Amino acid sequence: MKLNIEEKLSTTVDALSRFSVRKYIFPLEVKYSEKFNEKDFFDESSCDYMDFNKPWTIFEENKFILFKASFDVKKEENQNAYLCIDTFINGVASTIRPQGLLYLNKKLIQGIDINHSEVLLDDGHYEMLLHFYTHSFSFSFPLYFSLKYKDKTVEQTYFDFETILESLQMLEKDDSRYLSSLPIIDKAMNILDFRDVNSPSFFDSLLRSRKFLKEEFFSSFCGKQDNIINCIGHSHIDVAWLWDLNQTRLKSQRTFSTVLNLMDRYKDFKYLHTTPQLFEYLSKDNPSLFSRIKERVKEGRFELDGSMWVEADCNLTSGESLVRQFLYGINYFKKEFDVDCSCLFLPDVFGYSAQLPQIMKKCGINRFVTAKIGWNDTNRFPYDSFDWIGIDGSSVFTYLISTCDANPRIGVNDTTYTNYVGVISASQLLGTWNRYQQKDINNLTFTVFGYGDGGGGPTKEMLEREKRFSYGLPGLGKTRLSSLRETLDEIEFNFRKGCKKTNSHPCWNNELYFEYHRGTYTSVPRIKKNNRYAEFALSNVELFSTIVKELGLASYPKKELDIQWKILLQNQFHDILPGSSIEKVYLDSDVQFKHLFDFTSASIFSSLDLLGKNVKTKKEYLVFNPNGVACDGFLYKDNKCFEVKGVPSFGFKCVNLKENDKNKVWVKDKEIENQFFILKLNDKGEIISLFDKRLNKEFVKNNDPINRFSSFEDMPFQYDNWELTPYYYEKEYKIDSLASFSILDEGDRKGIQIRRKYLSSTLIQNIYLYSSLDRIDVVNEIDWHEKRQLLKIFFPLNFDCEYAQFDIQFGNLSRKMKPRNSFEEAKYEVYGQKWVDMSSSDFGLAILNDCKYGYGIKDGVLSLTVLKSGSYPYEGASDYVPSFTYSLYPHQFNYQKSKVIEQAYTLNRPLIYSKIKTSSNSLSLNEEVSFFKIYSNGTYLETIKQSEDGKGIICRLYEGHNQRENILIRPYFPFKKAYLCNLMEKEIKELPISDNKIELSMSNFEIATIKII
C-alpha cells in the first residue's frame, strides 16, 4: 500500500505545534483606561482604570486605550515563556488591524499586532503597559491576554518539519526530488515518539530526529540548486494612507522596537529602512529608541538607504522637488547616522520619470530598486535586472523585486503582483526565482521580508524558516540574510559579467511607465493644486531671500525654509500626493499647506517691500518676474487686468499701471477677437473655431469642437481612487446642454463666461483674450456633486501630429498619439506637468495648465482630465475641486522655436507686484533690474537659492530643447568664482568667467548646478 507521507508530515507538524505549549495561563488579570496622559503613559493620576473582564469587547474605531497588568514568570528547564496578546482575527487587511506599543517594567519592548502577538520573557516580575490603538475602519474583535510556556526543542523541531512541509508542497508529486525526499523525511518522523509527550523518551526522540534531519536531509540531501535568494529584513511604512501622520509616528515606534527586539535574539538578522522622515519623527517622539537604532546602525545591522526624504511620487513631483527629496534624505542619513546612501529604493511608487536616472546620478546614486512595475496590467516588463537610461543618456543599474507566490501544483509558477512586503515562505522563495527573467546572466535574486504598508516588520517565524531554507531545500535556492548594499553589489557584478559572457545588454531607454493606477494623476484635485503652488511658492521665497540677502537688506530664512520644504516633501509621499489616502490625511494636509502659504506670502511680500524701498523711481508699482526668462504678463488689481511688457528675468521693472490703449479685445455674442486670434463658441460653450490671424490657420475641425466636456462612468474593479480602467470611455456622457453666456470686461483682458449645468453640478468657464498677449486663458470653476464619474475636456485638432511632447521634470518626453504596440496602447492615460504640445512641421498648439497632471490619448485626440470622483478610501475625493486654469497657445514651428516653455512658466509663476514705498536709506536700484540673466536658446534657469553650506548662491538650470549649446549666466551681484556642482552641491570643477558672465556648455536635457561664491 502506498503511504501518503505528505499527509503524515502535515499531521506531525500540527502535533508539534500543539505539544510545544507546556503551560497556558489564561486569562491574565488586566485593567484598562480610556483616559490617560498622552505624554506620559505611566502617569496613573490621569487614568481611570477598570477591570478588563470581557475579552470580547467591541472597540470603537480610531481609539487609544491603555491596558495594564502585573504578573510573574517562572520557566522550567528548556522553556521559553511568552506574553501573548491575541485578537484572533483574520481576513482583515493587516494595515488596518489593531496595533499597540508594549512596555514591560517601564521599558519599551516591541510593537504588538496580529503578526507580532508573542513577546519572549525572562523569569521575573513584570508590570505590563500596552498603549493600544483599535483600528482605522469599523469592525469588532476579541482581545486576549495570556502567558504561554513552550518547550524550546519542540518549537525547533516544529520549525524543521514545518519548513520541509512547505518546500515539498512546491514540488509536483511525481517530481524526482519530491519522491527522493520522502523516505528521509519519513525516517525522521518515525524517530519521534508521541506516546507520552511529557516523558523523557519524547524529548529524547526530538533530539534524535533533529540530528537525523540535519545530517541526512539538510546537510546532505539539500543544496543541489545553484541559485541564491538573499533575504533583506524590511517593513514598508506608508507615511500616510489608511491612517494619518500621527498614527504613522506610532507605527514607526512599534516597528522599530520590534526589529531591535528580534536583533537581540537573532544575531545574523539585518534590517533595512529607507525613510529619513520617520527617523526625524522618532528623534523627537522617542529619543531613547532613536539612540538604540543608532547603535545598531554602527554595527551594520540596521541598514539605512533609499536616498529620498520620503518614498515620493515621481510623476507629479517637480524636478526641483525631486532634487530636494534626495538632498534632504541623503544629508539627513549622513548627518545623523554617518551613512552614505547608495540606492534609490521606491518599491511602491506609481511610475518613474524618464529624468530620474540623471537626477539620481547627479546626487551620487547609481542604483534603483522597485517592485511596482511588476503590477502592470497590460505588459510584463521585459527585464528584472537592466540599465535604465534617462532622456539625457544617464544610466543607472535597476532591479525589479520579483517576489511573488508560486504554486506549481495548480499551475502557478509566479503571479501578477510582485511583493515588497514579503514573508519567508517556500511559495515566495520559489516565486521570486521563477519570476526573475535574467537567469542567464545572474543567479542571485532577493526578497525583502517583513509585514508592511502599515508597518510591523519581520517575525521570528520568518527568521526560523530562513535558517532551514538556507540549506537550499529541494526545488528552492539557498537563502542568505543580507543587506541591500551587499546584495546589489553582488547582483550588479553578476549582471556586468553575465552581459559580457552572453554578449547581451538588457536596457530600457524610456520612462518606467506604470500600467496601473492611472487615476492617481487626478484624484483629490486640491492636493494637486497645493503641490504645484507650493513648489513655486517655496522657490520664489528662496529667490527673493537670496536677492535681499545679497543686497544686505535681510538674512536668509534657512531654518524656516527647511521646515516648509519638509512639509511639502512629506506631502509628496506616494499615497498623499496621488490622492489615495483617507480624508483625515487631506484635512491635515490642508492645514499644513495653509501654514506654508502663510509663510511664503509673508516672506515674498516682505522682500518685495524691501526692494521697493531701495529703488530710485517715481513709478508707483514694482513688478517682479520670478522666472529665468524675460516675459510679458499681467497684473490683476481692483478687478482690472493690466498688461506689463518686458519684465527682466529674475528681476523687476517699475511701472505705472494703465490699460493698453493700442491693442484691443472685442467681444460680441459668442465671439472673442484680438490682434492674434478669432475664437468662436457654439450654444454649448464649446470652441468651434480658433483662427490664428498670424498663421492664417484654423485649429478646430468642422463639427468637432475643442473645449468639449464629457463625463464617463468611473467604476474600476478595485483600487477606486487609484484606478482608471481602459473601458471607462465606453460610457461617455457628453455635456452638451445649452449654456448661458455673459461678457467679461476686465481692462486689458476681455472674454466670455460660460455657465453649464450637468446633473447636480455646475461648470463655469471664463475664456479670456488679452490686448497684446498671444495666449488664451480658460479659468475653470467646477462645483461638483457627482460620484463614480470622470470629467474630461477634449481637444480634437485640425491637423495630425505623430507625437505629442509632454513636460516632465527638467525636460520633456515624446509620446505617440496613435499607438503601434501594446506598450503604447497601455498609455491611454499619461501624466504631464506644466504643458503638452502638439505640433506639425510648421505650426502647433500647446495646452498649458497651472495644476493638472492627467491626460488621455485616444485615436490621436488629447484630453485633459479634470477630476475623478472615486469613493475609496476617501468618499469626498472630488467634493471640492479648486479653480484651475488651462491655456491654449497656438504657435508657429515646434515647441522649441515658439516659447512654449516660457509661456508655461509665466502661467505657473506669474508676475508679482507691490506698491513702492520710498525710503531715505535707499540703495538707489535702477527702475529695471535683472538679478540673474541667462543667455541661451533653450536652457532654463529655474532655481536660485542659498547654498546648503551658506557660503554661496546655487543656480539650477536645465537644457529643455534636446540640443547642445553654450550658455552664459550673468549675476547682478559681484562674485569671485563659480563652480559646476552635482545636485548635492558638491563642487566638481571651476567654471570660466568672462566679463562677469559664467560660461557653461550644456548637453541634451542636461541638469546643471552652479555655485557662485
- Query: Which order, highest average first, do 328-337, 500-509 follow once you tally other Cβ atoms within 10 Å for each residue and take the mean per peptide?
  - Reply: 328-337, 500-509
- Rounded to the nearest 10 Å², the 1.4 Å probe accessible area of Asp609 is 40 Å²
- Query: So, with a 1.4 angstrom probe, what is the percent of accessible area on segment 599-737 that is carbon and sulfur?
  - Reply: 47 percent
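In whole percent, and with a 1.4 Å probe on the protein chains, what portion of the accessible area of segment 16-153 is carbon and sulfur?
On the way: 3130 of 6770 Å².
The value for segment 16-153 is 46 percent carbon and sulfur by accessible area.
Computed over the Cα atoms of segment 16-153, what is the convex hull's projected area averaged over all directions, in nm²? Before the final figure, lay out each step's value.
Values: hull surface 34.6 nm².
So the Cα hull casts an average projection of 8.7 nm².
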- Under a plain spin-label model, where a point goes 7 Å from the Cα along Cα-to-Cβ, how far apart in nm are Arg755 and Glu486? 7.0 nm
- Item | Whole-Å semi-axes of the chain's equivalent ellipsoid (Cα gyration tensor) | 58, 31, 29
- Query: Once amide H atoms are built 1.01 Å from N in the peptide plane, which residues 5 or more positions from Tyr758, or in another chain, come under 5 Å H to H?
  - Reply: Leu763
- Message: Taking the alpha-carbon distance from Lys528 and a cut-off under 23 Å, which lysines remain once sequence neighbours fewer than 8 residues away in the same chain are dropped?
- Response: Lys372, Lys566, Lys584, Lys594, Lys787, Lys792, Lys827, Lys834, Lys852, Lys868
- Message: Residue by residue through segment 427-444, what is 3J(HN,Hα) from phi via Karplus (6.51 cos²θ - 1.76 cosθ + 1.60, θ = phi - 60°)? Round to whole Hz and write x for glycine and proline.
- Response: 4, 6, 5, 5, x, 4, 6, 4, 6, 5, 9, 9, 5, 6, 10, 7, 10, 10
- Message: As a test question: what accessible area, to the nearest 10 Å², does Arg485 have when a 1.4 Å probe is rolled over all protein chains in place?
- Response: 90 Å²
- Sorted by mean Cβ packing within 10 Å, highest first, what order do the peptides 245-253, 9-17, 75-83, 396-404 take? 396-404, 245-253, 9-17, 75-83
- How about Lys664: which aspartates and glutamates have a C-alpha closer than 17 Å to its C-alpha, ignoring those fewer than 8 places off in the same chain? Asp632, Glu643, Glu673, Asp692, Asp745, Glu746, Asp748, Asp774, Asp777
- Nearest 10 degrees, 0 to 90: what angle lies between the long axis of helix 287-299 and the longest principal axis of the chain (Cα atoms)? 80 degrees
- Can you give the relative contact order of the chain as a percent, counting alpha carbon pairs under 8 Å and 6+ residues apart? 10 percent
- Query: What are the extents of the Cα atoms of segment 930-1012 along their three principal axes, listed from largest to smallest and rounded to whole Å?
  - Reply: 33, 27, 21
- Over 26 Å between alpha carbons, listed pairs Lys529/Lys616; Lys8/Lys467; Lys559/Lys917; Lys640/Lys662: Lys529/Lys616; Lys559/Lys917
- Please label the shape of segment 864-1013 as rounded, prolate or oblate, based on the square roots a ≥ b ≥ c of the eigenvalues of the alpha-carbon gyration tensor (a/c under 1.5 means rounded; beyond that, a/b larger than b/c means prolate, else oblate). prolate
- Message: Can you tell me the orientation of helix 5-19 relative to the chain, as the angle in degrees between its alpha-carbon axis and the longest Cα principal axis, to the nearest 10?
- Response: 90 degrees
- Message: List the residues, sorted by chain then number, that are 5 or more residues from Ile706 or on another chain and whose placed amide H is less than 5 Å from its amide H.
- Response: Ile687
- Of Lys439/Lys500; Lys334/Lys558; Lys658/Lys945; Lys150/Lys214, which ones are farther than 24 Å apart at the Cα? Lys658/Lys945
- Query: In nm, to one decimal, how far is the Asn656 label point from the Asn78 one, both placed 7 Å along Cα→Cβ?
  - Reply: 10.2 nm
- Stretch Asn37-Asp174 to full length: gain in nm at 0.36 nm per residue minus the Cα-Cα span? 43.1 nm
- Message: How far apart, in nanometres, would the label points at Asp377 and Glu560 be if each is projected 7 angstrom from Cα along the Cα-to-Cβ direction?
- Response: 4.5 nm
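Evaluate the charge dipole of segment 228-508 about its Cα centre and quote only its size in Debye, nearest 20, assuming +1 on the Cβ of each Lys and Arg and -1 on the Cβ of each Asp and Glu. Walk me through the numbers before you get to the answer.
Numbers: 34 positive and 32 negative charges, 151 e Å.
Approximately 720 debye in magnitude.
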- With θ set to phi - 60°, apply the Karplus curve 6.51 cos²θ - 1.76 cosθ + 1.60 along segment 258-270 and write out the HN-Hα couplings as whole Hz, x wherever there is a Gly or Pro. 5, 4, 5, 5, 5, 4, 5, 9, 10, 6, 8, 6, 10
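Measuring with a 1.4 Å probe in the full set of protein chains, what accessible area per residue, in whole Å², belongs to segment 228-508?
Numbers: 7790 Å² over 281 residues.
Heavy-atom SASA per residue in segment 228-508 reads 28 Å².
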- Message: What do you get for the angle between helix 558-571 and the principal long axis of the chain? Use alpha-carbon atoms, 0 to 90 degrees, nearest ten.
- Response: 70 degrees
- Message: If the reach is capped at under 16 angstrom between alpha carbons, list the aspartates and glutamates near Lys284, excluding any in the same chain fewer than eight residues apart.
- Response: Glu38, Asp40, Glu336
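Which value, in Å², gives the accessible area per residue of segment 16-153 when a 1.4 Å probe is used on the protein heavy atoms?
49 Å²
Of all the Cα-Cα pairs you can form in segment 417-572, what percent are over 24 Å apart?
Numbers: 7336 of 12090 pairs.
The proportion of pairs with Cα distances above 24 Å equals 61 percent.
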- Roll a 1.4 Å probe over the protein chains and send me the accessible area per residue for segment 666-908 in Å². 36 Å²
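On the protein heavy atoms, probe 1.4 angstrom, tell me the percent of accessible surface of segment 469-519 carried by carbon and sulfur.
Details: 1100 of 2210 Å².
Percent of accessible area from carbon and sulfur atoms in segment 469-519: 50.
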- Query: Sequence-distant or interchain residues sharing an amide H contact under 5 Å with Leu991, placed H: which?
  - Reply: Ala978, Tyr979, Leu980
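The values are calculated or read from the model by the stated rules, or taken from the named source; none is laboratory data. It should be emphasised that the depicted structure is a prediction, and the values quoted were computed from it without experimental measurement. Methodologically, a virtual Cβ is constructed for each residue, glycine included, from the backbone with ideal geometry; neighbour enumeration extends over all protein chains shown. Ligands, DNA and RNA are excluded from the accessible area calculation, which covers all protein heavy atoms including side chains. Shrake-Rupley method; radii C 1.70, N 1.55, O 1.52, S 1.80 Å.
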